[in-house]
Amino acid sequence: MLKAVILIGGPQKGTRFRPLSFEVPKPLFPVAGVPMIQHHIEACAQVPGMQEILLIGFYQPDEALMQFLEAAQQEFNLPVRYLQEFAPLGTGGGLYHFRDQILAGGPEAFFVLNADVCSDFPLSAMLDAHRRQRHPFLLLGTTANRTQSLNYGCIVENPQTHEVLHYVEKPSTFISDIINCGIYLFSPEALTPLRDVFQRNQQERQLCLALGEDSPSSWPGAGTIRLEQDVFSVLAGKGQIYVHITEGIWSQIKSAGSALYASRLYLGRYQVTHPERLAKHTPGGPRIRGNVYIHPTAKVAPSAVLGPNVSIGKGVTVGEGVRLRESIVLHGATLQEHTCVLHSIVGWGSTVGRWARVEGTPNDPNPNDPRARMDSESLFKDGKLLPAITILGCRVRIPAEVLILNSIVLPHKELSRSFTNQIIL
């Protein structure tokens with residue numbers, strides 16, 4: 001018997017995902033046509049022996065989340081439940097707080113997946129590795145180049161046994177080119193070190209209170225546990241943590257730009273996993289170039305040219321002569337005749353007028369470096385907005401014959417002219 005836990009965070013996270021996260025929780029943002037965490041749930045549901053999938057986070061259980069959970073249970077014929085933290089508890093605090101729920105039924109092991117990663121999720125391979133050599137913690141790792149590895153948790157392994165000898169979260173100098181993917185397989189005994197961290201936090205808090213040094217603003221709480229710093233770094237080299245290296249697709253999804261890149265990776269995976277989700281070029285239909293997802297309810301004119309890496313959501317209208325490339329168009333948006341949308345995300349219910357051009361600048365990994373990863377994007381440098389993909393928030397109206405370039409338009413804005421390299425408030 002197996003279980004899976006997906007850590008979905010909370011509204012205080014994902015600020016780099018704004019304004020898109022204003023409308024839906026980040027884990028429900030559509031990537032390659034389906035909510036981000038549906039890719040995780042699909043992968044978990046395919047593992048033999050999977051009995052339950054738990055989502056842990058600090059989001060309020062709103063209507064969108066509850067509808068998603070209900071639909072996921074029906075589609076995958078598995079219990080999918082949401083467990084809400086009473087406060088943000090870090091990457092490990094929720095696991096310890098809900099340990100009884102996780103261990104109910106006596107699972108052999110349980111997967112732990114961060115919601116903001118894109119991967120082909122080699123869970124069966126991880127399970128095989130775990131069963132060959134059982135240890136409390138198995139981490140999924142991949143490689144990055146020397147410079148970008150500093151942005152991730154770095155793993156030094158024994159190349160013969162794959163034991164993690166040293167772990168440093170976002171080191172200041174080069175440690176290793178093996179990085180943490182944020183996907184794990186834990187044995188039930190893995191919760192014991194989390195208990196030890198919790199108890200140590202409690203003791204330190206009591207000591208601070210006795211010395212009169214504690215204040216609500218300076219203390220994160222005894223329940224806050226950081227898997228990476230409090231557990232992996234401490235237990236590395238003690239025979240408890242091992243790593244399974246993958247050569248498959250992997251990327252973080254921290255920003256809108258990385259969501260667009262993740263959409264490309266997943267659309268490419270659909271060739272193998274879900275060919276039925278990819279649009280086909282048919283007589284009388286739009287011209288399809290590369291991997292394109294079109295929701296069945298979308299209306300696309302036959303003279304439109306779509307792709308590569310295009311995802312078109314529910315109820316979208318795409319007019320005659322539209323050119324759409326490397327973009328996501330969300331539920332209910334309208335692209336009027338002869339618009340051009342490149343490297344952009346068009347928000348829910350937005351309208352782009354005739355002959356308008358919406359264009360961004362991609363921030364993809366270096367294609368000539370097989371170990372390159374998405375850079376951690378910063379919106380500003382020296383007080384100026386850096387070139388990046390263009391984002392139109394919810395229900396934005398773009399007039400005819402204007403250019404919106406490398407800009408972010410906040411929700412409910414009705415523009416009257418062109419903008420370049422601006423945040424439009």
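Each listed q (0.11, 0.13, 0.19, 0.22 Å⁻¹) maps to a log10 I(q)/I(0) for the stretch 283-422, found by the Debye formula over equal Cα scatterers with no solvent: -0.39, -0.54, -1.06, -1.32. Cα-Cα over 27 Å: which of Lys254/Lys280; Lys26/Lys170; Lys3/Lys170? The answer is Lys254/Lys280; Lys3/Lys170. In plain terms, the chain from Gln74 to Ile249 could stretch by 60.2 nm, reckoned as 0.36 nm per residue minus the Cα-Cα distance. From the helices alone, meaning DSSP H stretches of at least four residues, give me the mean residue ellipticity at 222 nm for the chain, per-run term -39500 (n - 2.57), in deg cm²/dmol to the nearest 500. It comes out at -6500 deg cm²/dmol, rounded to the nearest 500. Counting only residues at least eight positions apart within a chain, or on another chain, the aspartates and glutamates with an alpha carbon under 17 Å from that of Lys238 are Glu157, Glu163, Glu189, Asp196, Glu228, Asp230. Three semi-axes describe the equivalent ellipsoid of the chain; taken as square roots of 5 times the Cα gyration tensor eigenvalues and ordered largest first, they are 39, 24, 21 Å.
Would you mind pulling out the separation of the Cα centroids of the stretch 27-104 and the stretch 331-346, in Å? Their Cα centres are 32 Å away from one another. Only protein atoms count toward the accessible area here, which uses a 1.4 Å probe; on the stretch 229-369, the carbon and sulfur part of that area reaches 50 percent. The loop-placed trypsin sites (Lys or Arg not before Pro) in the stretch 289-333, going by DSSP, that have at most 16 neighbouring Cβ atoms within 10 Å of their Cβ come out as Arg289, Lys314. Computed from Cα atoms, the angle from the helix 191-211 axis to the main principal axis of the chain rounds to 80 degrees.
Considering every pair of different Cα atoms, what Kirkwood radius, in Å, is found for the stretch 269-350? That comes to 12.3 Å for the stretch 269-350.
Here the calculated FRET efficiency for Arg417 and Asn366, from their Cβ-Cβ distance with R0 = 41 Å, stands at 0.70, rounded to the nearest 0.05.
For Val156, the accessible area of its heavy atoms, probed at 1.4 Å with every protein chain present, is near 40 square angstrom. Roughly how large, in nm² to one decimal, is the mean projection of the convex hull of the alpha-carbon atoms in the stretch 69-133? Average projection, Cα convex hull of the stretch 69-133: 6.0 nm². Projecting label points 7 angstrom from Cα along Cα→Cβ for Ala45 and Arg200 puts them 4.0 nm apart. Accessible area per residue (1.4 Å probe, heavy atoms of protein chains only) ranks Met36, Met1 as Met1, Met36, with the largest value leading.
Can you pull the one-decimal nm distance between simple spin-label points at His281 and Arg323, each 7 Å off the Cα toward Cβ? For His281 paired with Arg323, the spin-label model returns 1.7 nm.
For Phe174, the solvent-accessible surface with a 1.4 Å probe is about 80 Å², rounded to the nearest 10. Centre-to-centre separation between the Cα atoms of the stretch 238-267 and those of the stretch 137-176: 14 Å.
The mean accessible area for residues of the chain, using a 1.4 Å probe and ignoring ligands and nucleic acids, is 44 Å² per residue. Accessible surface ranking for Leu95, Leu207, 1.4 angstrom probe, highest first: Leu207, Leu95.
Taking the alpha carbon gyration tensor of the stretch 1-85, multiplying each eigenvalue by 5 and rooting it gives semi-axes of 22, 13, 11 Å, largest first.
The values are calculated or read from the model by the stated rules, or taken from the named source; none is laboratory data. In this text the structure is predicted, and so the values were computed from the model without any measurement. So basically every Cβ, Gly included, is an ideal-geometry build from the backbone, and we count neighbours across all protein chains shown. Note: accessible area is taken over every heavy atom of the protein model, side chains too, but ligands, DNA and RNA are not part of it. Shrake-Rupley method; radii C 1.70, N 1.55, O 1.52, S 1.80 Å.
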